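Below are the structure tokens for one structure; questions will follow.
The values are calculated or read from the model by the stated rules, or taken from the named source; none is laboratory data. It should be emphasised that the depicted structure is a prediction, and the values quoted were computed from it without experimental measurement. Ideal geometry is used to build each Cβ from the backbone, glycine not excepted, and the neighbour counts take in all protein chains shown. When the accessible area is computed, the model is the full protein with side chains, heavy atoms only, and any ligands, DNA or RNA have been set aside. Shrake-Rupley method; radii C 1.70, N 1.55, O 1.52, S 1.80 Å.
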Amino acid sequence: MEGEEVDFNSAVSGASETYPMQCSALRKNGFVMLKSRPCKIVEMTTSKTGKHGHAKVHLVGIDIFNSKKYEDLCPSTHNIDVPNVNRNDFQLIDISDDGFVSLMDDKGEIRDDLRIPADEELAKKMREEFEKGEGTVIITVLSAVKEEAIIACKNTN
Amino acid sequence: MNGSHQAMQELENAARTFLAPANLVSSEQRHAAEHVFLQLQKTKQPFDLCKVLLEESQVQYVQFQAASLLKSAVIREWKDLSQEQIIGLRNYLLRYLTSRENMENFVREQMVLVLAITIKRQFVDGDKDVVTNILNDLSQLIMSDEKRLQVLGCSVMTALLIEFASSTRASDVGLVWEAHLKAKKLFETTHLPRIFEFCLHVLNEASTIQQPVSVDAMYLIGKFLSLAEQILSWNFQFTMMLPRKLVNLFETQICPVLRPGFAWRGTLLKKEVPQLFFKLYDMFQEHEALGHSAILCINQLCTLNGSVFHNRVDHKEYIGWIFEGVLELISRTPVRAHVVGVTEAVAKLLMFQPTTTVAQHIDELNSLLQRITALTCHLIEMASQEEASLADDTAYSDSLDQILSTWSAICSDIAYGPVQVEEYITQIFTVYLRAHLAPPDGVKPEQQTDDREIQEDTEEDDRVKYKNQLNVIGLMGRRALSLTVPMVTQLLEARTVALQGLLEQNLVGTYQFNQVSEDLHWLIMIAGHLLSTGLIKGETNLIPSSITTYCRSQEEKVNVDNTLLALSQPSQLVTDASVDPVVRLVLAILRLCLMESRALEARLQCSPEVGRSLVWFLKLWTPVYLLPDENQYTELSKVLIACFGRDSEAGHWVLEFVLNKLKTNLVSWSSEAALLSDTCQCLMILLNSMERGSRAIKCPSIFELVRLECCGTFQNLSTAAKRDLVKGLVLAGSMLKEDKAQYFEQLLQPLQEAFTQLKTNAAFRRDYAQESVRRNVLDLIERLTGVVDGVTASNSELLIRFVLPLLPEVGALLELYHNYSDMVSACIQVFLSVACNMVSYLRKNDCSIVYSCILDIMKSYATHQTGKLTIDPSAEEAQYKDLLDLLTLLGDVLLKEVMGFLPDVAREAEDNLPNQVSVCDLAFQGLNFLLPIMTTELLRFPSLCSKYFNFVNVVGEMYRAKMCELPASLLVSIFGTIRLGVTDFTPDVANASLDFVAGFATNICQSRGQVPAIVHQLVQPFLKLILEMSLFQPLDPEITTMAGSALFPLMCCYPNLYKELVESMVSAQSDDNLKQRLAEAFSQLTETVQMIPDRGNRLKFRNAFDAFISRVRGFLCVK
């Protein structure tokens, strides 16, 4: 069970989409794969069968992309997959008529492959802030297991 | 009259609509109907209308509404009613109640209430005979043959008692509470004894009825028993004039002790009185409600004390009567429904009657104790069955707790000296032990396969659940150590052998395995409580003197060398009779620890519950017995010192043994989060002592722990556990006298290097978001927090040098990971711990550095959070927690400043150092960053709300002058929240906000208006707001006082505005009579007070305001 020396070089760029972790090491507000979907853990409780039984972890997760709720119960000694979740900030450059947005990252590279989010309130806020033309509109893009979505928006002004 | 009939028609229609099934009327229709009744309640002078409705309407709901209207009208318009009108009303009510048949209960009770209120108001107004007369009427009703009238009589009597018993309803009937109190005093000396005598009379007759008793008679007996219970629970003690909030405190006592004045002597001090209630309980114990009332009466009689007793002889005689009854009572097996009541009677008798007097009845006391012992043993068995059946009802368990706490009093009160309790105690101890062990040694009911799902987070574990019981069992056990220690030791040894056998045969998880584990779990708990008095906060736990005495008494039989030899071979069973019995008991536990460790290393699955109990034992035992401070004792056992003492070789050996066990837990139980947390906490407690800490550093296990910690082995521990672990390791090092630096280098350098690497490593910049990298960083931050947790006076210099340079790095990590709430929260924790544990030890310059780091993280946090819209469902909760932490952080620093624990940065700044950040800057700039995020939605979280308003109030209190100079926009935001605080949240928050306003207003007055215009603009509107709140809203009694304290300085600041407001409020009243009364009330409010907010006038105003509120509320605020 002994851990390895901390080495930040070991993580290779473009690392796997998920990696395994012992169930007992999960935490609330962390991420986990439930029913093959990347989820944020919103509830985590431990229980045991009988007074002298071993701990089991009961997980309730919300799919980070579509907000569906998933649950799982597993012995805390087991391994479970954890997704690599990225949250990157981009500057909003443009919103096109066909519902796509242009975003620029901090290295100045531009991408325009993302749609405006389905959530109406967020989409409205993005449009409003963009049309105001004041300050910089920052968009947070969430990515995990080959999926991406815009999840937040704010104006630096 | 026509108008009234028309109104009645309308009301009846509305009632039909209002009460119609959901599918027949629309919600608008229902609301309209409801509105009709709301309007009805506001009718002025409604007496004639009420009569019509009460007499002519056939709709019960309309009658009920009429009765309610009558009630509020009586309260509201009392002062306008003439003497004749009042007498007429009272007679009418009584006539109505007696003549109407088939009245619904809810209508009758409402009318009874009106009658009771009317009588009380007349009584308060000085009509001395009103109560006597009504009591005469009532006794006639009760003596009549008609059940309806009897019920009515009892109802009115109950209502009268309630009205006179309570003064917290003051605002409800428009009386100041002094009036209530006077009425209560008078009532309880003149009328209450008579009512009680009457109850006794009726109950006496009831006690002679032949069984079976008819249902009607039962009903009446029930009514009178509960009347008697009401009187016996009367709060006689409370007779002083106290502030209103204290009145609440007294009156919310559920059953105060029975402590009537001397006047009650004749009524209560008769043998027949207790006898009657014991007899009634005996008659009706099978009946749930009647039995309950009777036992409650008995309980109250058991508490009788105070000036009712003329002298000790009186008292002794009374106790004799009670003894007789209680002895009889507990000689029968109590009915399950009343078992709590029965044990409570015993408990109250022994708690409230003076021990010296009780002990004079030596024979009775002996038989009482004998019977209590039998009762206790019975309860232990029943509670154990209750537990095994997993029943929700815990009557037996509760009773057992109750009776055991009585035993605890008996065991520790020396006044019981002459009584030999040892025999009883050993009997109880043995029965308790047996009840928790499986057959054949014990009698624990067999549980079928235990496949319950136990929620670890919500269900209390046994160590907590049975703590009180076990404490007493331990206390009892220590009274008979020569019996209990060998007994527990032998059982532990035998069960450990049994477990070993099961493990070897690989029978883990079987029924037998669970049974042996369960036995061990209980034996460990009992052993722990036997050896230690348990943790008492704020006291040093010592080896109980009874243990020392016992060890010393065994010295002749004991051989120290043999004992040491046995201790050095924990895996060997002890057969040598010359081994000290207490050491042998500890050894039995250590043997179990060793066996568990070996099993774990062999990857066998032990019971985590037993594992936790072992850690619990070590947590309790080590701080007391291991390397004890001998200066704390006048007497110690030689053999204990030889085995566990500071200078003994064996003591160090045991320390290493314990550390090794804890280390094994950390490495081998990685999947049991709760056990790991316990282990880390135990380690922290163990190392948090000069002696043990400094010796532990020399143990190989500590080196191993430091090594494992530094290479990230414990990364997966929960945050709290990890922090405890690191804190423990830090504390241990602090105890070192030499080589301190070397130890810390070993512990801290890897952490420092890892942080440096983050700064310089290009790969980290690229991969920081990857889960594995993120977890490593999170681990670093949490370990750093643990280090800060461990800062103490003795290590602060060294640790501050280590921590300070890392704080900006933590700030940078918060910036980098701003999109990851868990990372953000972990970074904030570092600073929270800095504020809590480190700032008091900082030098002036360092303070400023820390404050600017704190402001940097707040700025960074605010930059990314302000105005952000996200669809992440957990974002709001995360934000709430972060804000709560940040405010706690600011509050902690501020508190330390208030207490004078911090160096005075501000003064230093004026002296010579420019650009220093002071606590004041920290508070204001912190507020400036956080306020834009603090939305109304977030303030709905009660803890955040209360934290914020208290913080702002303290900031206002400390830096008011500087606050006045803040930028207008910030002031506007602050006062905006204060306004919400006054009106929208809990009384606690409203009080803090009002206090804030009061402070500013007083300040403005004292500075003669020399404050910026914006401050005036912000403070002034509160005058109108608070005035309107006080007049028109049902103000919570808890905030009335504070509202007054805020109002007064505001009135002093803005006298003209106040005048205008008063005039407009008066002229806004449509009714001339009301106009006049309001104007009078306002002039009375200020007539004795000078408009200067000094202490004297503030106090005068407070009283005037209290009177004003109850005067005005009655007619303005329609409730």
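Rounded, prolate or oblate: pick one for the protein assembly as shown, where a ≥ b ≥ c are the square roots of the eigenvalues of its C-alpha gyration tensor, a/c under 1.5 means rounded, and failing that, prolate if a/b is larger than b/c, else oblate.
Oblate is the answer for the protein assembly as shown, as a/c is 1.5 or above yet b/c matches or exceeds a/b.
Taking a probe of 1.4 Å and counting only protein heavy atoms, give the total accessible area buried between chains B and A in Å², rounded to the nearest 100.
Buried area between the two chains comes out at roughly 5400 Å².
Another question about this same structure. Alpha carbon centre of region B:376-391 versus region B:813-842: separation in Å?
Going from one Cα centre to the other spans 49 Å.
How much length would be gained if the chain were fully extended between B:Arg603 and B:Arg979, taking 0.36 nm per residue of separation minus their Cα-Cα distance, in nm to one decimal?
The B:Arg603-B:Arg979 span can extend by a further 129.1 nm.
Let me ask something else. B:Lys1075: which aspartates and glutamates have alpha carbons under 17 Å from its alpha carbon, excluding same-chain residues fewer than 8 sequence positions away?
Within reach: B:Glu77, B:Asp80, B:Glu1028, B:Glu1060, B:Glu1063.
Relative contact order for region A:18-157: what percent, with Cα pairs under 8 Å and sequence separation of 6 or more?
20 percent
Accessible area, 1.4 Å probe, largest first: how do B:Lys271, A:Lys40 sort?
Ranked list, largest accessible area first: B:Lys271, A:Lys40.
A further question follows. Using a 10 Å cut-off on Cβ to Cβ distances, tally the other chain neighbours for every residue of B:869-878 and report the average as a whole number.
Mean number of neighbouring Cβ atoms from other chains: 6.
Taking the Cβ-Cβ separation of B:Thr863 and B:Gln746 as r and a Förster radius of 41 Å, what is the calculated FRET efficiency to the nearest 0.05?
0.60
Going by average Cβ density within 10 Å per residue, which order do the peptides B:883-889, B:570-576 take, highest to lowest?
Result, highest mean first: B:883-889, B:570-576.
Once both axes come from the Cα atoms, what is the angle between helix A:120-132 and the longest principal axis of chain A, in degrees from 0 to 90, rounded to 10?
40 degrees
What percent do you get for the relative contact order of chain B when only Cα pairs under 8 Å and 6+ apart count?
Contact order relative to length: 5 percent.
Counting pairs of alpha carbon atoms under 8 Å apart in space and at least six apart in sequence, what relative contact order in percent does region B:636-750 give?
Averaging sequence separation for qualifying contacts and normalising by length gives 27 percent for region B:636-750.
Estimate the FRET efficiency between B:Lys185 and B:Leu38 by the formula 1/(1 + (r/R0)^6), using the beta-carbon distance for r and 35 Å for R0, to the nearest 0.05.
0.40
Is the C-alpha gyration tensor of region B:724-828 telling us rounded, prolate or oblate? Criteria: a/c under 1.5 is rounded; beyond that, a/b larger than b/c is prolate, otherwise oblate.
It comes out prolate by the Cα gyration axes.
Among B:Gln490, B:Ala674, B:Thr190, whose Cα projects farthest towards the positive end of the dipole of the protein assembly as shown, with charges put on the beta-carbon of Lys, Arg (+1) and Asp, Glu (-1)?
In the protein assembly as shown, that residue is B:Thr190.
Turning to a different aspect of this structure: With every protein chain kept in the model, how would you rank B:Thr357, B:Thr936 by accessible area, 1.4 Å probe, largest at the top?
Descending order: B:Thr936, B:Thr357.
How large is the dipole of region B:62-103 about the Cα centre if only Lys and Arg carry +1 and Asp and Glu carry -1, each at its Cβ, rounded to the nearest 20 debye?
100 debye
Rounded to the nearest 20 Debye, what is the dipole magnitude of chain B about its Cα centre when Lys and Arg each give +1 and Asp and Glu each give -1 at the C-beta?
2280 debye
Let me ask something else. Quick check for you: which residues of region B:923-949 have the amide N under 13 Å from the point 7 Å beyond the Cα of B:Ile1014 toward its beta carbon?
B:928
If a paramagnetic tag sat 7 Å from the Cα of B:Met1091 along the Cα-Cβ line, which residues of region B:1033-1067 would have the backbone N under 14 Å from that point?
B:1048-1063
Let me ask something else. Farthest toward the dipole's positive end in the protein assembly as shown, which of B:Val1019, B:Ser578, B:Cys50, given Cβ charges of +1 (Lys, Arg) and -1 (Asp, Glu) about the Cα centre?
B:Cys50
Under the classification rounded if a/c is under 1.5, otherwise prolate if a/b is larger than b/c and oblate if not, where does chain B fall, given a ≥ b ≥ c as square roots of the Cα gyration tensor eigenvalues?
Oblate shape, in that a/c is at least 1.5 and b/c is the bigger or equal ratio.
With point charges of +1 on the Cβ of Lys and Arg and -1 on the Cβ of Asp and Glu, referenced to the Cα centre of region B:401-472, which listed residue (B:Thr406, B:Ala438, B:Gln420) lies farthest in the positive direction of the dipole?
B:Gln420
In terms of Cα to Cα distance under 25 Å, which lysines are near enough to B:Lys722, apart from those fewer than 8 places away along the same chain?
Partners within reach: A:Lys28, A:Lys40, A:Lys48, A:Lys56, B:Lys537, B:Lys619, B:Lys661, B:Lys663, B:Lys698, B:Lys740, B:Lys759, B:Lys881.
Right, another one. Can you pick out the pairs among A:Lys125/B:Lys868; B:Lys896/B:Lys947; B:Lys42/B:Lys182 whose Cα atoms lie more than 20 Å from each other?
Table pairs above 20 Å Cα-Cα are B:Lys42/B:Lys182.
For B:Lys185, list the lysines whose Cα falls under 19 Å from its own Cα; do not include residues on the same chain fewer than 8 positions away.
Leaving aside lysines fewer than 8 places away in the same chain, those within reach of B:Lys185 are B:Lys120, B:Lys128.
Further question on the same structure: Region A:91-137: which GluC sites (Glu not before Pro) are DSSP loop and have at most 14 other beta-carbon atoms within 10 angstrom?
Filter output for region A:91-137: A:Glu109, A:Glu134.
Per 0.36 nm of contour for each residue apart, how much would the distance between B:Asn311 and B:Glu876 grow if the chain were fully extended, relative to their Cα-Cα spacing?
This chain segment gains 196.7 nm when fully extended.
How large is the charge dipole for region B:11-60, taken about the Cα centre, if only the Cβ atoms of Lys, Arg (+1) and Asp, Glu (-1) carry charge, to the nearest 20 debye?
140 debye
Under the definition of partner shielding as Cβ atoms of other protein chains within 10 Å of a residue Cβ, what is the mean value for peptide A:37-49?
4
Go through region B:470-560 and name the GluC sites (Glu not before Pro) that are in a DSSP coil and have 14 or fewer other Cβ atoms within 10 Å of their Cβ.
Here the sparse-neighbourhood loop sites are B:Glu539, B:Glu555, B:Glu556.
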